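Below: the structure, in structure tokens.
The values are calculated or read from the model by the stated rules, or taken from the named source; none is laboratory data. Remember, predicted model here, so these are calculated numbers, not experimental data. Glycine gets a Cβ as well: all are built from the backbone with ideal geometry, and neighbour counts include every protein chain shown. These accessible areas exclude ligands, DNA and RNA; they are computed on the full protein's heavy atoms, side chains included. Shrake-Rupley method; radii C 1.70, N 1.55, O 1.52, S 1.80 Å.
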Amino acid sequence: MYQAIVFLPLLGFLIAGAVGNRIGARATEIITTGFLFVSCALSWVVFSQVALGHGHASAPVLANWINSGGLKVDWALRVDTLTAVMLVVVTSVSSLVHLYSIGYMHEDPSRPRFFGYLSLFTFAMLMLVTADNLVQMFFGWEGVGLASYLLIGFWYDKPSANAAAIKAFVVNRVGDFGFALGIFLVYWLTGSVSFDSIFAAAPGLAHKTIHVFGSDWDAWTITCLLLFMGAMGKSAQFLLHTWLPDAMEGPTPVSALIHAATMVTAGVFMVARLSPVFELSHTALTFVTIIGATTAIFAATVGLVQNDIKRVIAYSTCSQLGYMFVALGVGGYAIGVFHLFTHAFFKALLFLGAGSVIHAMHHEQDMRYMGGLRKDIPFTFAMMTIGTLALTGFPLTAGYYSKDAIIEAAYAASAHSQAATYGFLMTVLAAGLTSFYSWRLVFLTFFGERRVNPNAHHDDHAAAHDDHAHADHAHDDHAHDAHGDHAPHESPLVMLIPLGLLAIGALFAGWRYAPYFIGHDFDEFWKGVIGQGPDNHIMHAMHEIPHFVGYLPFAMMVLGFLVALWFYILAPGTADALARANPLLYRFLLNKWYFDELYNVLFVRPAFWLGRLFWKEGDGRIIDGLGPDGVAATVQDVTRNVVRLQTGYLYHYAFAMLMGVAAFISWYLLGGVR
């Protein structure tokens, strides 16, 4: 059963890639989607048996992978409660995204390739979460990066999509470099890359030091910081976050798959899996908390002013990932994974709901040119509202149970950690901002009067907002729709069914599973998988916090809702007036704190300058100039001059012969003198 869960998506990818064009797009869609639903059903069976039931963790070995000296790596599928949770999250969202894509991508001529990429991505993610050792995890880690590159740049004839795909790939390589160094250090310290061996050896090496850059450092601190560097890149944390909003250039189903429940949560999963190691370094956990809290508030501030509906949700994802890392940093590993679990449902719901809005608006993504859609697409409006309620933490929704628990855990840990105090303050403030920008999205999109894009008839502007970006292949009626000549319409049933199923999770996943993840069934559910060190009492301390802390997230949620209601419903134009009154702050937030511009100056331009220097000067002028090209040019010059002697005139040849004879006689006479 475990093998079927993991390898059915791979089989779907192979079929789509090898014979997809031959069997047709419809057959490819049915095969790949069918395989994913089978994998999803089996994942829920595993979740019921291993996590909720009395099943035991296992790691069946599929094959011996690497055996070199002291390094032995088996290809095994580690299945425990943490794996079961991730299997459910990955396969549930992926299967629904496959189903949704049948409707959303129905006009695209490259559907077999698209569904093949989706299946490849799912396989890589499943390999990551079932890894029994760090090398196998790194294989899935890099596979996810490759598949995300292919999906973000799926419309390769669109320059912005190509640039976004390359940016995501390069930024993730920065984090992956640190992750690889961390794996090397783990092997150097423990002599193994297997999780069981690492966890067994780690406590005995708690105070080991390593000599780096002329100083002695705690070995596990350096190791954990390097490992977390990988998580920062993959999960788009502060400083390595710049690829996430640009990744919206991919199709909307890709955004839901990558940014809701799978790729971006890989870093959270990795830290949770290695929690017994992170428990050995208070410094590393402090750093995780600070980065998570900073990401939560940074992304929330940027989300306040974004106009692209997908980018608002993307920055929301970035902010919620920050929440998860705050939970991990204060020792609430189960809380962070619980928020990962609930977040998957309502964030996938919001992304796919946004895709339904874009579909209804004939691929317009700018919220400034929407409005009044609740009457035209009532089901999508209801689903987006449910997702917004869950995201903002409305009582009894999924986000209420998990996000509030993170804030409470940060407060409980603040008694012993200034980083936790910072995490508590930033997450509370981010809760208010999240409520504001989430309801801003709803109000701008579904309420008020219809606003028409004045530039919609210009091809360049239409292309900029065309989520499908394949006007060359679109049907004539679709091209006609793109100019806004038809009223918005509800999406087809194949796109609405995933919204309804995800809405059920967004409403009830928190209430149903909170007792298992963070409640009275905690020990029986986790079965020791989550590393809770002897000094980690965060789960107990959460129950001793003052009552007002529990009400803070709700208060911030209400405050954010009321401000958004005033700005966009009761007093329209207030937000525009505020932006005009504070132009510097508005541009600062609109330009995402100018990180792209800063990185362009610090890294991109110097890298291009250095590349041109090595290319033009080093390779071109020195190596080629003095080497092959230089020798060839010299030979050509010599032969060109020699050729000039071949004039065809007899007296020239006679003159050359006389000169030769004279030179020979002169040499003979001078050489003969003693």
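Determine whether Val85 is buried (at least 24 other Cβ atoms within 10 Å of the Cβ) and under 21 Å from Trp65 (Cα atoms). Even if it seems obvious, please write down each step before you answer.
Working: buried (at least 24 other Cβ atoms within 10 Å of the Cβ): yes; under 21 Å from Trp65 (Cα atoms): no.
It is false that Val85 is buried (at least 24 other Cβ atoms within 10 Å of the Cβ) and under 21 Å from Trp65 (Cα atoms).
Between a first residue in segment 365-385 that is among the hydroxyl-bearing types (Ser, Thr, Tyr) and a second residue that is open to solvent by 10 Å² or more (accessible area, probe 1.4 Å), which pairs have beta carbons less than 6 Å apart while being 6 or more apart in sequence or on different chains?
Hits for this filter: Tyr369/Arg451; Tyr369/Asn453.
Residue-wise test of (1) part of a helix (DSSP H, G or I); (2) open to solvent by 90 Å² or more (accessible area, probe 1.4 Å).
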position	(1), (2)
Gln532	no, no
His543	yes, yes
Val549	yes, no
Pro553	yes, no
Val558	yes, no
Val563	yes, no
Phe567	yes, no
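Out of the residues in segment 367-404 that are within 16 Å of Pro488 (Cα to Cα) and of a type in the set (D, E, K, R), which is most open to solvent (accessible area, probe 1.4 Å)?
Lys375
Out of segment 573-610, which residues are exposed (fewer than 13 other Cβ atoms within 10 Å of the Cβ) and charged (D, E, K, R)?
Asp576, Arg580, Arg587, Glu597, Arg605
List pairs: first residue in segment 558-587 and over 13 Å from Arg440 (Cα atoms), second residue modelled with pLDDT under 95 and among the hydroxyl-bearing types (Ser, Thr, Tyr) anywhere in the structure, Cβ distance under 6 angstrom, at least six positions apart or on different chains.
Ala579/Tyr586
Could you tell me how many of the residues in segment 207-241 are open to solvent by 10 Å² or more (accessible area, probe 1.4 Å) and either among the basic types (Lys, Arg) or in contact with an Asp or Glu (Cβ under 9 Å, 6 or more places away or on another chain) (or both)?
5
What do you reckon, is Met248 open to solvent by 10 Å² or more (accessible area, probe 1.4 Å), closer than 24 Å to Phe169 by Cβ, in a helix (DSSP H, G or I) and without any contact (Cβ under 8 Å) to a residue 60 or more places away in the chain?
Numbers: open to solvent by 10 Å² or more (accessible area, probe 1.4 Å): yes; closer than 24 Å to Phe169 by Cβ: yes; in a helix (DSSP H, G or I): yes; without any contact (Cβ under 8 Å) to a residue 60 or more places away in the chain: no.
No, not satisfied.
If the requirement is being surrounded by fewer than 24 Cβ atoms within 10 Å (Cβ to Cβ) and of a type in the set (A, V, I, L, M), which of these qualifies: Ala360, Ala327, Ala334, Ala348? Break it down stepwise before answering.
Working: Ala327 fails: surrounded by fewer than 24 Cβ atoms within 10 Å (Cβ to Cβ); Ala334 fails: surrounded by fewer than 24 Cβ atoms within 10 Å (Cβ to Cβ); Ala348 fails: surrounded by fewer than 24 Cβ atoms within 10 Å (Cβ to Cβ).
Matching residue, one of Ala360, Ala327, Ala334, Ala348: Ala360.
What helices (runs of 4 or more DSSP H) lie completely within segment 259-307 and have 2 or more residues being open to solvent by 10 Å² or more (accessible area, probe 1.4 Å) and within 30 Å of Pro203 (Cα to Cα)? Reasoning before the result, please.
On the way: elements: 266-273, 275-278, 282-303.
Result: 282-303.
In segment 131-168, how many residues are under 13 Å from the mean Cα position of the chain (by Cα), open to solvent by 60 Å² or more (accessible area, probe 1.4 Å) and within 25 Å of Val193 (Cβ to Cβ)?
The total comes to 1.
Picking from Thr392, Thr380, Thr397, which residue would you name as being farther than 22 Å from Gly560 by Cα and either at pLDDT 95 or above or polar (S, T, N, Q) (or both)?
Criteria check complete, one pass: Thr380.
Please go through segment 414-431 and pick out each residue that is open to solvent by less than 10 Å² (accessible area, probe 1.4 Å) and either in a loop (DSSP other than H, G, I, E, B) or under 15 Å from Ser316 (Cα atoms) (or both).
Thr427, Ala430, Ala431
Based on this model, can you work out whether Ala63 counts as part of a strand (DSSP E or B) and under 23 Å from Leu14 (Cα atoms)?
Numbers: part of a strand (DSSP E or B): yes; under 23 Å from Leu14 (Cα atoms): yes.
Yes.
Can you name the number of the only condition in (1) more than 23 Å from Asp132 (Cβ to Cβ); (2) aromatic (Phe, Trp, Tyr); (3) over 25 Å from the mean Cα position of the chain (by Cα) that Trp65 fails?
Against the list (1) more than 23 Å from Asp132 (Cβ to Cβ); (2) aromatic (Phe, Trp, Tyr); (3) over 25 Å from the mean Cα position of the chain (by Cα), Trp65 comes up short only on (1).
Can you report the number of residues in segment 375-399 which are touching a Ser or Thr at 6+ places or on another chain (Cβ under 9 Å) and over 18 Å from Ile313 (Cβ atoms)? It would help to see each step written out before you state the result.
From segment 375-399, those touching a Ser or Thr at 6+ places or on another chain (Cβ under 9 Å) are 377, 379-381, 383-384, 386-394, 397-399; that's our starting set.
With the extra rule that they be over 18 Å from Ile313 (Cβ atoms), the set shrinks to 379.
Matching residues across segment 375-399 total 1.
Based on what the data block shows, is Ala256 in contact (Cβ under 8 Å) with a residue 12 or more places away in the chain, under 25 Å from the mean Cα position of the chain (by Cα), crowded, with 24+ Cβ neighbours inside 10 Å and closer than 30 Å to Asn600 by Cα? Even if it seems obvious, please write down each step before you answer.
Values: in contact (Cβ under 8 Å) with a residue 12 or more places away in the chain: yes; under 25 Å from the mean Cα position of the chain (by Cα): yes; crowded, with 24+ Cβ neighbours inside 10 Å: yes; closer than 30 Å to Asn600 by Cα: yes.
Yes: the conditions hold for Ala256.
Within segment 611-628, can one find any residue that is under 30 Å from Phe298 (Cα atoms) and open to solvent by less than 80 Å² (accessible area, probe 1.4 Å)?
No, segment 611-628 contains no residue that is under 30 Å from Phe298 (Cα atoms) and open to solvent by less than 80 Å² (accessible area, probe 1.4 Å).
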